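Trainee: This is the structure I have questions about; it appears just below.
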Number of protein chains: 2
Amino acid sequence: MQTQWDSVYAARTERITSSAIRELLKVTEQPEFISFAGGLPAPEVFPVAEVGEAINRILEERGQQALQYGATEGYLPLREWVARYMSGQGVPTSVENVLITTGSQQAIDLLGKVLLNEGDPVVVESPTYLAALQAWNIYGARYLPVPTDEWGMRTGGLQQLLAKRPKLLYCLPNFQNPTGATLSLSRRRRLIEQAADQGLPILEDDPYRELRFLGKQLPRLISLESARLEQHTAPYQGNVIYASTFSKVLAPGLRVGSIVAAPSLINRLVQAKQSSDLHTPTLNQMLVYELARDGFLERHTRLIIDVYRKRRDSMLTALAEHFPAETRWTEPEGGMFVWVTLPAPFEAARLLATAIEEKVAFVPGAPFHPGGGGDNTLRLNFSNATAEAIYEGIARLGAAAHRLMDTAVTA
Amino acid sequence: MQTQWDSVYAARTERITSSAIRELLKVTEQPEFISFAGGLPAPEVFPVAEVGEAINRILEERGQQALQYGATEGYLPLREWVARYMSGQGVPTSVENVLITTGSQQAIDLLGKVLLNEGDPVVVESPTYLAALQAWNIYGARYLPVPTDEWGMRTGGLQQLLAKRPKLLYCLPNFQNPTGATLSLSRRRRLIEQAADQGLPILEDDPYRELRFLGKQLPRLISLESARLEQHTAPYQGNVIYASTFSKVLAPGLRVGSIVAAPSLINRLVQAKQSSDLHTPTLNQMLVYELARDGFLERHTRLIIDVYRKRRDSMLTALAEHFPAETRWTEPEGGMFVWVTLPAPFEAARLLATAIEEKVAFVPGAPFHPGGGGDNTLRLNFSNATAEAIYEGIARLGAAAHRLMDTAVTA
């Protein structure tokens, strides 16, 4: 008898459905396509030469260590670097606050493993990062969606949701995926006050923070929380769990991220990580440390910002020139995404069908909404094509939008 | 209010207890210690120069790809290599049978995520690999332990356990961790026949296979299953899930392993992996492929075997010369571990206390037994010290054992 695989899957994984985005990306890999669908950083700005030099240095000086098993917590000098960096940002952090993760997707997964039981409510922005929902679905999360606008999560109705005793609040405060919106300072303060009032853990997922083109950096939620607690010495003991990554400022293919959180939570996350993948690859961690410690990453980030700002500007210009007047979109101050809202009855899924004929692709916004809705929204990525290709692609997409809306009018 | 972390952890992670082994390893990191406690490969034989050359080649030729996000399934040429390799080993395998994992620990975790619900029974060898139990505890597994001897899992009572409708059977057929035992051919056949009879998924965890010093390779469970199904063309569609790793023949710090299984199961595992860490680091996969494709790994494995065999021989010689006559131990034909059984009332935990005074360390065997027992057993690793240090360490440990047993007699 052969295994009847369908009958043996865990109930929890019945909830894993094939991601529409993954399937879509496969179609649009053809070279003539201009794709706004993915979330890929620009490979042209990967510091390939510096990576090669750093690896050669590491292998020469500590080659055996770089290839050997390492501690689950992460490579100590990198953890120390993260602790120093965060301390410099106003969050007294010690090494026991820091866990190195295999990308920040793993931070999301480990949080689910450690905090979420079947049926546990999680407060999320709507729309929010799709792969977080997919990760937590496996652990049986229920979602309490909070509406968002151009200043991020609308904190007005939060108190009511908090009464439902959520186990976790999830927030992407800067240049959110998918909307590109940044949480305003007053909302940050309100969020911390209200959540803090009941000791609710907050996952502050902040992959795009360093990619700010315009405006001033706002304080992190973890900094506001740290100030509220008036703890002036490490280790940090607050409710906010800060997830960051080197994917956007260095290279996503290395899969190195970090979590900063209270030591007792870090201990649990370490145990969960140990049984997930033992540790994040040693060489990759040493490489990130080598490029972070002498300030190279900081200089390199300015180069990335220059490139991305031009691409964003090209996208916003093209949207204004080629999209139907009734369309709205965000004007992100950083990150990698613009969020478009079509006038009410028009569906992004139908636009996508037309767009694919024009050899241009994007991701419809509906799947990012845990509570449903958003049928008239779409996400556009601007980091992974030249400014010229972006202009051309948005012109094509605008033509497709005009076509869709004109057909509806004449029909 | 600060988060009361103890009150918010998921019920499932209450089961993650601090591993005695991890804590122990911290104590024994002092340089004067001779430690048989870990499971680290010999760093002296890591091919540091070849790794450096291969990385330079990859970065020069395909640097942007090496640093970019990749497919969750894994780097296609590496998946193809695994498929070709397994096909050459008598298992018709296509690329849709192959998932690249972040070390084979991730294979174990993903299997738990996809197959195990709260309370599901899993058949395991007793003793077995500790970190598999830790990974599956999180998903609520119950264990049905099968006793083992020097020829591996004793299949005599298996039929009775299978009547309890387990969801998975877990087996390390070659040079098992912790015992070093190899499953005999007749037991391999019986296992496949009996488990196959009810379509039970079998996880064949085979990290040490290539490290055989003596004797003949035995067919993999997946090969026997493939022959039983009489499927002569790929894709493989059987019940056995084959997990392998490049940790032992190349370098564990790279965290690259693979799963070969039926395509419908691979699809589920891909979805689970996507929400766990998106994909295994691209550069690491390209590096492994670069070193595997031209036969370097095969040549390199012979060097590792030469080194490990000497170390094993040194350990067995020292055990015979220095250990009390009533002690028994395995004589593994490969791998990294020897398993010692003290005469009945003597406890390995008490021996460890004495051993640490002698600056020598090992891991007590009890935690490897999911059903309890094994208090008089211990695991000795022989891959991570020179033959000389091993001889010296076993002499010290033998003295400690004599001391423990003499004290008991005079007490």
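The values are calculated or read from the model by the stated rules, or taken from the named source; none is laboratory data. Here the structure is a predicted model, which is why all the values come from computation and not from measurement. Note: ideal-geometry Cβ built from the backbone for every residue, glycine included; neighbour counts use all protein chains shown.
Trainee: Would you mind telling me which numbered condition in (1) at pLDDT below 90; (2) outside any helix (DSSP H, G or I) residue A:23 fails?
Mentor: (2)
Trainee: Could you say whether any residue in segment B:173-180 is within 14 Å of chain A (Cβ to nearest Cβ) and not charged (D, E, K, R)? I'd like the intermediate steps shown before the answer.
Mentor: Of all residues in segment B:173-180, those within 14 Å of chain A (Cβ to nearest Cβ) come to B:177.
Next, only the ones that are not charged (D, E, K, R) stay: B:177.
Within segment B:173-180 (the criterion being within 14 Å of chain A (Cβ to nearest Cβ) and not charged (D, E, K, R)), the answer is yes, since at least one residue qualifies.
Trainee: Quick check: anything in segment B:171-183 over 25 Å from residue A:279 (Cβ atoms) and more than 17 Å from the chain's Cα centre (by Cα)?
Mentor: no
Trainee: Please go through segment A:179-212 and give me each residue that is more than 25 Å from residue A:99 (Cβ to Cβ) and either at pLDDT 95 or above or of a type in the set (A, V, I, L, M) (or both), ordered by number.
Mentor: A:179, A:180, A:181, A:182, A:184, A:185, A:186, A:187, A:189, A:190, A:212
Trainee: Name the single residue that is surrounded by the fewest Cβ atoms within 10 Å (Cβ to Cβ) among those in segment B:130-156 being within 11 Å of chain A (Cβ to nearest Cβ) and in a loop (DSSP other than H, G, I, E, B). Talk me through it step by step, then tell me what you get.
Mentor: First, the residues of segment B:130-156 that are within 11 Å of chain A (Cβ to nearest Cβ): B:130-141.
With the extra rule that they be in a loop (DSSP other than H, G, I, E, B), the set shrinks to B:138-141.
Values: B:138: 24, B:139: 25, B:140: 17, B:141: 27.
The extreme case among them is B:140.
Trainee: Here's something else I'd like to know. Which residues, counting only those in segment A:114-129, are within 13 Å of chain B (Cβ to nearest Cβ) and not charged (D, E, K, R)? Spell out the reasoning first.
Mentor: First, the residues of segment A:114-129 that are within 13 Å of chain B (Cβ to nearest Cβ): A:114-122, A:129.
Across segment A:114-129, the qualifying residues are A:114, A:115, A:116, A:117, A:119, A:121, A:122, A:129.
Trainee: Does residue B:199 satisfy being facing another protein chain (nearest Cβ under 10 Å) and on the phi > 0 side of the Ramachandran plot? Show your work before the answer.
Mentor: Working: facing another protein chain (nearest Cβ under 10 Å): yes; on the phi > 0 side of the Ramachandran plot: yes.
Against the criterion (facing another protein chain (nearest Cβ under 10 Å) and on the phi > 0 side of the Ramachandran plot), residue B:199 qualifies.
Trainee: Let me ask something additional. So which residues in segment A:44-58 are in contact (Cβ under 8 Å) with a residue 40 or more places away in the chain and in a helix (DSSP H, G or I), if there are any at all?
Mentor: In the first step, residues of segment A:44-58 are kept if they are in contact (Cβ under 8 Å) with a residue 40 or more places away in the chain; the result is A:44-47, A:50-51, A:54-55, A:57-58.
Correct list: A:44, A:45, A:50, A:51, A:54, A:55, A:57, A:58.
Trainee: Have a look at A:53, A:73, A:61 and point out the one that is within 29 Å of residue A:239 (Cβ to Cβ) and either more than 8 Å from every other protein chain (Cβ to nearest Cβ) or surrounded by 18 or more Cβ atoms within 10 Å (Cβ to Cβ) (or both). Steps first, answer last, please.
Mentor: On the way: A:53 fails: within 29 Å of residue A:239 (Cβ to Cβ); A:61 fails: within 29 Å of residue A:239 (Cβ to Cβ).
Exactly one residue qualifies, and that residue is A:73.
Trainee: If you go through segment A:364-384 one residue at a time, do you hit one that is within 14 Å of another protein chain (Cβ to nearest Cβ), touching a residue at least 60 places away in the same chain (Cβ under 8 Å) and part of a loop (DSSP other than H, G, I, E, B)?
Mentor: Looking through segment A:364-384, at least one residue is within 14 Å of another protein chain (Cβ to nearest Cβ), touching a residue at least 60 places away in the same chain (Cβ under 8 Å) and part of a loop (DSSP other than H, G, I, E, B).
Trainee: Okay, moving on. Go through segment A:76-113 and give me each residue that's assigned to a helix (DSSP H, G or I), out of contact with any helix residue (DSSP H, G or I) (no Cβ under 6 Å at 6 or more places or on another chain), more than 22 Å from residue A:253 (Cβ to Cβ) and more than 14 Å from chain B (Cβ to nearest Cβ).
Mentor: A:84, A:85, A:86, A:87, A:88, listed by residue number.
Trainee: Okay, next question. In this structure, is residue B:338 modelled with pLDDT of 95 or more, more than 18 Å from the chain's Cα centre (by Cα) and assigned by TED's automatic domain parsing to the domain that holds residue B:37?
Mentor: Values: modelled with pLDDT of 95 or more: yes; more than 18 Å from the chain's Cα centre (by Cα): no; assigned by TED's automatic domain parsing to the domain that holds residue B:37: yes.
The answer is no for residue B:338.
Trainee: So, one more: Looking only at segment B:227-238, decide whether some residue is more than 18 Å from residue B:170 (Cβ to Cβ) and in contact with a Phe, Trp or Tyr (Cβ under 6 Å, 6 or more places away or on another chain). Show your work before the answer.
Mentor: Looking only at segment B:227-238, we keep the residues that are more than 18 Å from residue B:170 (Cβ to Cβ), and these are B:227-237.
Narrowing the set further to residues that are in contact with a Phe, Trp or Tyr (Cβ under 6 Å, 6 or more places away or on another chain) leaves none.
No, there is no match, as no residue in segment B:227-238 is more than 18 Å from residue B:170 (Cβ to Cβ) and in contact with a Phe, Trp or Tyr (Cβ under 6 Å, 6 or more places away or on another chain).
Trainee: Kindly provide the set of residues from segment A:157-173 that are among the hydrophobic types (A, V, I, L, M, F, W, C) and assigned to a helix (DSSP H, G or I), ordered by number.
Mentor: Kept after step one, since they are among the hydrophobic types (A, V, I, L, M, F, W, C), are these residues of segment A:157-173: A:158, A:161-163, A:168-169, A:171-172.
A:158, A:161, A:162 - these are the residues of segment A:157-173 that are among the hydrophobic types (A, V, I, L, M, F, W, C) and assigned to a helix (DSSP H, G or I).
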